[in-house]
Amino acid sequence: MNKILNFIDGVYINPQNNEWIDKINPATGLKNAEIASSDIQDVELAFMASQKAFEEWSSFNPNLRFRILNRISELIEEKKSGLALAETYDTGKPLKLSEEFEIPRAASNFRFFATAALQFASESHSNYNSINYTLRQPIGSVGCISPWNLPLYLFTWKIAPALASGNCVIAKPSELSPTTASMLGQICNEAGLPNGVLNIIQGLGSRAGAAIVEHPGIKAISFTGGTKTGKIISSVAGPMFKKLSLELGGKNPCLIFEDCDLEKTVSEVSRLAFSNQGQICLCGSRILIQESIYEKFKKLLIEKVSKLRIGNPLDPNTQFGSLISEDHKKKVLSYIQLAVEEGGTILHGGQEIKLEGQCANGSFILPTIIEGLHAQCRTNQEEIFGPVITLQKFSGDDEAIELANNSDYGLASTIWTKNINKAHQISSKLNTGIVWINCWLVRDLRTPFGGMNASGVGREGGWEAMRFFTEAKNVCISY
Ligand code: NAD
């Protein structure tokens, strides 16, 4: 049985307690690996390795840092097929998505922040009697904790800026998607990253993750995951005065106006709702449609969604794969049941689907469309994080904005209209960290990424990430 070990000080090692967690392929229901169930002892080893490496890495010439990080990017590209396959085995997502979207983006993350290592600069402020300059210094040992939905993509989104700005990292992927993170260790060795600069701890959040957050020597935590976990982490890290970046859940609205490009909007809404089986934090789940086109849009959307090809994630034609686990499948089904109890009507899907052959015991649910629910009900307020969307009607701009903002979350929204002036005005009134107009998931890695309210604190991306992973020190010289 394949064992997924910790990667500490440049070598793969067993967890100190020799305890293991079963890893299940959710598309087949079969165990395909055992993962190290790490605890505080492993985190301590990783911390010691990171401290030993910090002096050398933080004082590296940026050119050298650039070369190593860029080489990691190239190696991710070279090993794309193996990484994509591992991602699909771990998560049940279509192989095509892993190959064409996720692994290339992991490579881009390293390439982008490799260049950031060369270009990062700080401010200077002159005054009548003095000049100030800001030193941006690495923090030391930092913790990066990431979720299962876009495993290597989100893991590298944190690690790359942390390394580019001169920190050493103790990182933990989700226990549900450990493999590509583990493979990254070998890639870092091949690229010449010094031992101890990146350490990868495998295991449960409540054990290995908590040990990273609680460690007094780990001075910053960059976390992506659920809002409930974010609350626990901030309750621990806050009183320890750690730097904290929290990228949390969402309940993202899509505002569809009567003057949208109907065909394109239907197609994009199907994509933004059901990509990765609805398990992307940025997926739209509250679809708000102007009443004059409601019935027409609904009919076209159902037609489009009913054509999604559901199947074995390894089949290159599959567009819609398995959910991450049997437990998650049960959770999503319980929300569909709740929606019915709350008065919703299921227009499409609403149940699990049993495939034949290899995937007979997989965790598959049909893409689900529901209408007739009140904006305040739990189905419309709580994050489901699966292939379930609700349709709601609005009459004009004010009502659209009110419905969109009727949420504790504030991650991402989309606006669909040909009236760009209106789209600009509405963008400024939406309480989300990201607004896409007539598009979705179009990403420029320089832009600030993150959410408001229950969707998180702080921003990732571009200089925001480089600033998060550095301490600003003002030096003042009197004239
Ligand atoms: P999760 O919160 O259960 O787990 C995320 C990570 O945190 C995992 O590695 C887990 O092991 C670890 N963890 C769990 N408990 C911990 C603790 N007490 N201390 C430290 N670490 C702990 O989330 P998930 O189920 O893996 O991911 C789904 C969630 O992530 C959804 O809510 C989704 O919206 C969110 N998400 C947000 C973004 C974003 O950028 N805002 C991106 C992707 C996913």
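Quick look at the numbers
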read-out	value
Within the range 191-210, tally of residues that are within 9 Å of the ligand (Cβ to nearest atom) and open to solvent by 10 Å² or more (accessible area, probe 1.4 Å)	5
Any hit, the range 51-58, residues being among the basic types (K, R), in the same structural domain as I201 (by TED's automatic domain parsing) and open to solvent by 30 Å² or more (accessible area, probe 1.4 Å)	yes
Residue under evaluation D327, criteria (1) of a type outside the set (S, T, N, Q); (2) open to solvent by 40 Å² or more (accessible area, probe 1.4 Å); (3) in contact (Cβ under 8 Å) with a residue 40 or more places away in the chain; (4) in the same structural domain as A404 (by TED's automatic domain parsing), criterion not met	(3)
Qualifying position, being under 25 Å from A33 (Cα atoms) and touching a helix residue (DSSP H, G or I) at 6+ places or on another chain (Cβ under 6 Å), among C144, C168	C144
Scope the range 234-257; condition free of Cβ contacts under 8 Å to residues at least 40 places away in the same chain and near the ligand (Cβ under 9 Å from one of its atoms); matching residues	V236
Residue selected from the range 40-98 under the condition among the aliphatic types (A, V, I, L, M) and in contact with a Phe, Trp or Tyr (Cβ under 8 Å, 6 or more places away or on another chain), by the criterion farthest from N195 (Cα to Cα)	I76
Elements of type helices (runs of 4 or more DSSP H) in the range 9-98, at least 1 residues being within 22 Å of G217 (Cα to Cα)	40-58
Residue match in the range 86-109 (condition: open to solvent by 50 Å² or more (accessible area, probe 1.4 Å), free of Cβ contacts under 8 Å to residues at least 24 places away in the same chain and away from the ligand (no atom under 16 Å from the Cβ))	yes
Pairs with Cβ under 9 Å, 6+ apart, first in the range 451-479 and under 30 Å from D408 (Cβ atoms), second open to solvent by 70 Å² or more (accessible area, probe 1.4 Å) and among the acidic types (D, E)	N453/D408; A454/D408; S455/D408; G458/E464
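Every residue, every condition in (1) under 18 Å from N252 (Cβ atoms); (2) crowded, with 18+ Cβ neighbours inside 10 Å; (3) more than 16 Å from the ligand (Cβ to nearest atom), yes or no:
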residue	(1), (2), (3)
N419	no, no, yes
S427	yes, no, yes
C439	yes, no, yes
R446	no, no, yes
G451	yes, yes, no
F469	no, yes, yes
Y479	no, no, yes
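For every residue, the table says whether it meets (1) in a loop (DSSP other than H, G, I, E, B); (2) more than 16 Å from the ligand (Cβ to nearest atom); (3) over 30 Å from K52 (Cα atoms); (4) open to solvent by 20 Å² or more (accessible area, probe 1.4 Å).
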| position | (1), (2), (3), (4) |
| --- | --- |
| I212 | no, no, no, no |
| G230 | no, no, no, no |
| D259 | yes, yes, yes, yes |
| V266 | no, yes, yes, no |
| V269 | no, yes, yes, no |
| S275 | no, no, yes, yes |
| L282 | yes, no, yes, no |
| I289 | no, yes, yes, no |
| S292 | no, yes, yes, yes |
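The values are calculated or read from the model by the stated rules, or taken from the named source; none is laboratory data. A quick note: this is a predicted structure, and the numbers were derived from the prediction, not measured. Don't worry about glycine lacking a Cβ; one is built from the backbone with ideal geometry, like all the others, and counts go over all protein chains shown. For accessibility, only protein heavy atoms count, side chains too; no ligands or nucleic acids. Shrake-Rupley method; radii C 1.70, N 1.55, O 1.52, S 1.80 Å.
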